[in-house]
Structure formats: structure tokens, C-alpha cells
Amino acid sequence: MNEGEHKVAEKTGFNGNLALLRVCAIILIVNVLSMVTNMLVMVGQGGGLLALWESITTSSFEDIIAMIGLFVVSGMIGPVGLAVLPFVCALALGIFALVERNVIALKIAAILVIALGFVGPLMSLRAGGAQSAFAIIACLVINLNIVVAVATFFIRPKKHAEEIKDAQVDERFNLGLYRFCAVSFLVIGLNGVILVVSGSTSAYVLALLSFATMLGGIIALAKKNSLVLMVCSLLMFAQFFVAGFQLISAENLPENARIFVIVHSIVNSIINPIIAVCVAAFFVEPERTKRYLQKIKHS
């Protein structure tokens, strides 16, 4: 925890690992936004958003009101509302935890995000084969959401601020955040390796980058060195670039679908919880990161 975070802790009474709390909250918020945007892209790819937009722009105000009334009378508003409610609750709890530094809200949000993250893979499990089933089940257990949920229990709650001082946090090296990033890179890399082993993907460049990221996470856990985490972050950025390039350059995609693939790749690269982990790795040891940036600037 740096000097600024110590001042915030003194002002709010929160004496836990504030940086870890912020990173976990941001990851949960970004995860919910990522789920929503991915669903919108899938609906758009099927032509649903385009049809909705055309109906809105070509209809009169009275027609729009009539369509809304018909939607309410048909009874669809209930199921749609129930489907949207968990996403709204998880997003609201994540924002509340980030703003108010509330660990309880963060834990509830983490559980909700884990539950929401199960929906898509379980639906794919019903339609997939044996190889994809292995990958889906493994990734349901070994994923970033589980890491975030476990990490929330290592953030000191506000009521224990005067009783317990977090030994994992100091001004120069945030050990709690370091371990979180190391485990996250290990899990993310392991997920990539599982997808290759199960035959769900044949991208050998991505397999090599995933294995290198997993190995980096193991080394980081064994040897306390923030430089290893920075290397893992760069490897993850390389994976995003390679995955996006392979999707866009796929020859078997029709021209109309290619547009949605490009949009999906851009959105997935920006609104992605893994990006939050990659950025957080550079704040584990802020002074060391500043030195590297200064060397790059002067070189």
C-alpha cells in the first residue's frame, strides 16, 4: 500500500489491503460488463439488434408505445426482468464495494459473478462433445472468478482494522496483490493449456503463450519477483493480439460475420477482466515500475 492509500485508510478506517480490494472489485465489474457485451454481440450476429434498431427507427412514437405495452401484457417482462436482475445486482454490488470499500458487498458480488459465469459454459456443455466437455468442466473449476472469490477472504474487513494489521501490505511491495496476480496468471495460463490438450483449440502459438504464462505464475509464486509478473502481463497482451488476429483472418468466415468477429475481438480486448490483472501487476511494486518506465523514456 503506497502513501496515498495509507492516507485513505486513515481517513476511512479501512486498514486492509485496499489495492487488492480495488483490483477484485474492478475485475468483477469488468466481468459483468464483458458478459453483457458478449451477449449483445451474439444477439447482433444473429440479426436481433439490427431488426430491433430498424423497427425503432422506422416506427412512430405511438407504435413504439404500443410495442412496449404488448411486451408488458404478454408477460415477457417478468422472465426478462429476472434474467437481467442478477447482472444488475452484481454490477451494483461491485461498484458499491469499490466506492465504499465494503468487503461484504465484494464477497456477494463475487458469488453472483461465479454463478453467472456458470450459465454459458453449462449451456455449451449440453451441446458439446467429450473433448469440449472436459475443457468446460475444468475451466468452470479453474477460472479467474474463483481466484477473485477466494482473494476477497484475504482482505481485512473494516471492523477488524484496529485489531489486525495486514502484514502483506507495505509501501514498497504489496505481497497480497502480488500473490493474487501470480495465482491469476497461473490459472489463466492453465485454462489455455487445458483448451489445447482437450482439442478445443488448435492454435499452437496461443498454446505456447498460455504455457509460458502458466510457468510464469508458478515461478512468481516460488520466487518473489514483480518483474516476472510484468513479463506475464506482456505475454497476456500478446495472446490477445494473436487471438484477435487469428479470428479476423479466418478464411471460412462469411463477410457479414467477419464484421461481428472484429467488433467482438475489439470489445473483448478492451472489456476483459484479464486486462485488469495485467495492469494490476505493474502496481505490485510501484517504485520498480517507475524506474523501468524512466529507463524506457530515457533510452
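The one condition from (1) surrounded by fewer than 20 Cβ atoms within 10 Å (Cβ to Cβ); (2) at pLDDT 90 or above; (3) touching a Leu at 6+ places or on another chain (Cβ under 6 Å) that T201 does not meet is (2).
If I go through segment 260-299 residue by residue, how many of them are more than 20 Å from I188 (Cα to Cα) and of a type in the set (V, I, T)? The number of residues fulfilling the criteria is 5. Taking segment 259-278 as the range and being surrounded by 20 or more Cβ atoms within 10 Å (Cβ to Cβ) and without any contact (Cβ under 8 Å) to a residue 60 or more places away in the chain as the test, only C278 passes. For segment 88-105, a residue qualifies if it is free of Cβ contacts under 8 Å to residues at least 40 places away in the same chain and among the small types (G, A, S), and the qualifying residues are A92, A105.
Suppose the filter is at pLDDT below 75, under 20 Å from the mean Cα position of the chain (by Cα), surrounded by 14 or more Cβ atoms within 10 Å (Cβ to Cβ) and under 24 Å from A276 (Cβ atoms); does P121 pass it? Criteria met by P121.
Going by the conditions given, is F240 at pLDDT below 90, hydrophobic (A, V, I, L, M, F, W, C) and within 19 Å of R22 (Cβ to Cβ)? Taking the combined requirement at face value, the residue does not satisfy it.
The values are calculated or read from the model by the stated rules, or taken from the named source; none is laboratory data. If you're wondering where the values come from, they're calculated on a predicted model, not measured in any experiment. Positions of Cβ are backbone-derived with ideal geometry, glycine not excepted, and every protein chain shown enters the neighbour counts.
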